[in-house]
């Protein structure tokens, strides 16, 4: 994938945002935005995507163990739709199951105390989602 890709880890209170390098190979945490309302969040994400010259936005969508859609999945779909209404940048959904757990384990290995690093956790979860997506894309080539 050529160009920067952005990932969003949607949460109830915060949304973690990650962005790739210009070659679309390596994911890095970008920021965390506080959840306000779906359209406000979507506008903020669209603005971040534009500022960072993103060519694709990936929204994490949690699926259950059988790959089925649940309430959190539907919320992610509605957020993706709202982002699409705010930008011409393509938006795709990507299974983010386990991303927060992986991010939490990474913070623990790095010696971070979880309670103090809530926003780090959200941005890192978005980074896990994005790196998973980028790796899957490069495996297809």
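On the given criteria, is residue 45 within 16 Å of residue 123 (Cβ to Cβ), in contact with a helix residue (DSSP H, G or I) (Cβ under 8 Å, 6 or more places away or on another chain), surrounded by 16 or more Cβ atoms within 10 Å (Cβ to Cβ) and without any contact (Cβ under 8 Å) to a residue 40 or more places away in the chain? So residue 45 does not fit the description; no. Scanning segment 4-20 for residues that are surrounded by 13 or more Cβ atoms within 10 Å (Cβ to Cβ) and assigned to a loop (DSSP other than H, G, I, E, B) yields 10, 11. For segment 92-141, the tally of residues that are modelled with pLDDT of 70 or more, under 21 Å from residue 34 (Cβ atoms) and outside any helix (DSSP H, G or I) stands at 1.
Name every residue in segment 25-39 that is within 24 Å of residue 78 (Cβ to Cβ) and surrounded by fewer than 14 Cβ atoms within 10 Å (Cβ to Cβ), in order of residue number. Once the filter is applied, which keeps residues that are within 24 Å of residue 78 (Cβ to Cβ) and surrounded by fewer than 14 Cβ atoms within 10 Å (Cβ to Cβ), segment 25-39 yields 34, 36, 37, 39.
The values are calculated or read from the model by the stated rules, or taken from the named source; none is laboratory data. No experiment lies behind these values; they were computed from the predicted model shown. Note: ideal-geometry Cβ built from the backbone for every residue, glycine included; neighbour counts use all protein chains shown.
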